[in-house]
Amino acid sequence: RAKNEGKGSYRFFESAMDAEAQERRRIEIDLHDALAKGELELYFQPLFTLSQNRVTAFEALMRWNHPTRGLVPPVNFIPLAEDTGLIIPIGEWAIREACRIAAQWPEHIRVAVNISPIQFRSPALNGIILNALAESQLAPNRLELEITESLFIENVEATLASLHNLRGLGVRVALDDFGTGYSSLSYLRAFPFDKIKIDRSFIVDLLAHDGATAIIKSITTLAEALGMETTAEGVENIDQLDILRDQGCNQIQGYYFSKPLPLGEVNKLLLGLGEDGQARVAA
Ligand code: C2E
Ligand code: MG
Ligand code: MG
Ligand code: MG
């Protein structure tokens with residue numbers, strides 16, 4: 001009996017895997033056409049600079065308006081796009097779209113765009129960025145590229161060379177999800193990032209562990225000594241905000257201030273009008 005059950009659950013497992021693979025394949029086929037069908041959209045989440053008491057940037061975050069699945073979050077399609085190489089055209093679209101949109105914002109407001117390791121290692125990236133800047137007429141220092149620590153796991157020399165090339169275009173470079181990946185600080189010395197984005201996991205911990213505040217303090221101290229700004233990701237309440245401000249963090253991003261917004265909402269926010277008509281941002 002036990003043997004039979006074992007076999008049965010193995011078969012069940014096998015067909016579940018099959019269904020999962022088929023589902024993946026279906027999403028992959030749909031994703032292939034998503035760009036051409038205009039189903040991709042950028043949402044924008046404000047980055048609030050504490051010293052200036054205002055929004056100084058927005059991070060562009062991709063969404064997929066699937067005809068039957070609804071609004072698909074990046075976690076459900078970016079990895080697939082990376083595996084299939086589709087991240088190159090999709091990522092190019094995101095860069096161009098972000099620049100085109102940001103060029104219409106007040107000049108003190110930047111746009112941040114996430115760059116996947118696959119895009120980063122593509123020889124086409126520099127040209128794509130140059131084109132996006134040229135066609136949008138966005139000042140290069142208003143574009144901030146967000147990369148992750150995983151790029152330093154291997155090929156450090158090549159990564160550093162590419163970073164210097166990107167910097168040569170005049171764009172800013174931020175280190176995203178800091179503290180979650182490769183745990184060496186040597187690359188902070190090797191490349192002068194404009195900004196370190198402290199991963200949300202450290203912010204969540206702030207209210208639970210005393211040690212978390214010390215970690216934030218050490219990151220902001222290190223960043224300041226290296227001439228880099230710090231942004232805290234995933235700030236959801238005022239208690240976290242107060243600690244972050246006390247520990248010298250420059251900027252916050254998170255649901256406490258605002259969720260990622262569709263462009264229409266961004267434009268309202270920039271006009272100083274929230275949904276309730278209240279002034280929110282002194283742009
Ligand atoms: P990320 O770059 O670290 O982006 C921050 C993520 O945290 C976003 O998730 C954002 O919605 C979420 N977030 C912001 N504030 C809060 C908060 O207070 N609480 C919580 N729980 N979450 C918060 P999202 O939009 O689902 O994006 C996930 C990831 O997908 C991004 O992580 C980024 O790595 C990737 N991604 C998004 N758009 C693009 C894109 O255009 N290109 C590439 N290559 N990757 C992208
Ligand atoms: Mg990011
Ligand atoms: Mg991040
Ligand atoms: Mg993160």
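The values are calculated or read from the model by the stated rules, or taken from the named source; none is laboratory data. Treat the numbers as computed from the prediction; the structure is a model and nothing was measured. In this analysis, Cβ positions are derived from the backbone assuming ideal geometry, glycine residues included, and neighbour counts consider all displayed protein chains. Side chains are part of the model used for accessible areas, which takes the heavy atoms of the whole protein and leaves out ligands, DNA and RNA. Shrake-Rupley method; radii C 1.70, N 1.55, O 1.52, S 1.80 Å.
Just to be sure I understand the filter: pairs with C-beta atoms under 7 Å, separated by 6 or more residues or on different chains, first member in region 101-120 and more than 13 Å from ligand 1 (Cβ to nearest atom), second member open to solvent by 50 Å² or more (accessible area, probe 1.4 Å) and part of a loop (DSSP other than H, G, I, E, B). Which pairs pass? Going by the 7 Å Cβ cut-off, the qualifying pairs are 103/137; 106/283.
Within region 107-126, the set of residues being closer than 22 Å to residue 251 by Cβ and open to solvent by 50 Å² or more (accessible area, probe 1.4 Å) comprises 107, 108, 110, 114. Residue pairs whose Cβ atoms lie under 7 Å apart, sitting 6 or more positions apart in sequence or on different chains, and linking a residue in region 222-245 that is within 16 Å of ligand 4 (Cβ to nearest atom) to a partner that is among the charged types (D, E, K, R) and open to solvent by 20 Å² or more (accessible area, probe 1.4 Å), are 233/199; 233/200; 234/200.
Under the condition of being in a helix (DSSP H, G or I) and crowded, with 16+ Cβ neighbours inside 10 Å, the residues counted in region 172-189 number 2.
Checking each residue in region 230-269 for being more than 16 Å from ligand 1 (Cβ to nearest atom) and within 16 Å of residue 112 (Cβ to Cβ) picks out only 250. Are any of the residues in region 127-134 surrounded by fewer than 13 Cβ atoms within 10 Å (Cβ to Cβ) and either more than 17 Å from residue 93 (Cβ to Cβ) or in contact (Cβ under 8 Å) with a residue 40 or more places away in the chain (or both)? Among the residues of region 127-134, not one is surrounded by fewer than 13 Cβ atoms within 10 Å (Cβ to Cβ) and either more than 17 Å from residue 93 (Cβ to Cβ) or in contact (Cβ under 8 Å) with a residue 40 or more places away in the chain (or both), which makes the answer no.
Conditions tested, residue by residue: (1) acidic (Asp, Glu); (2) touching a Leu at 6+ places or on another chain (Cβ under 8 Å).
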{"residue": "182", "(1), (2)": "no, no"}
{"residue": "191", "(1), (2)": "no, yes"}
{"residue": "194", "(1), (2)": "yes, no"}
{"residue": "204", "(1), (2)": "no, no"}
{"residue": "207", "(1), (2)": "no, no"}
{"residue": "213", "(1), (2)": "no, yes"}
{"residue": "217", "(1), (2)": "no, no"}
{"residue": "221", "(1), (2)": "no, no"}
{"residue": "225", "(1), (2)": "no, no"}
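Of all the listed residues (144, 157), the sole one being open to solvent by 10 Å² or more (accessible area, probe 1.4 Å) and either within 16 Å of ligand 2 (Cβ to nearest atom) or not aliphatic (A, V, I, L, M) (or both) is 157.
The lone criterion from (1) modelled with pLDDT under 95; (2) out of contact with any strand residue (DSSP E or B) (no Cβ under 8 Å at 6 or more places or on another chain); (3) of a type outside the set (Val, Ile, Thr) left unmet by residue 227 is number (1).
Restricting attention to region 206-213, does a residue exist that is open to solvent by 70 Å² or more (accessible area, probe 1.4 Å), away from ligand 3 (no atom under 16 Å from the Cβ) and closer than 18 Å to residue 159 by Cβ? No - not one qualifying residue is present in region 206-213.
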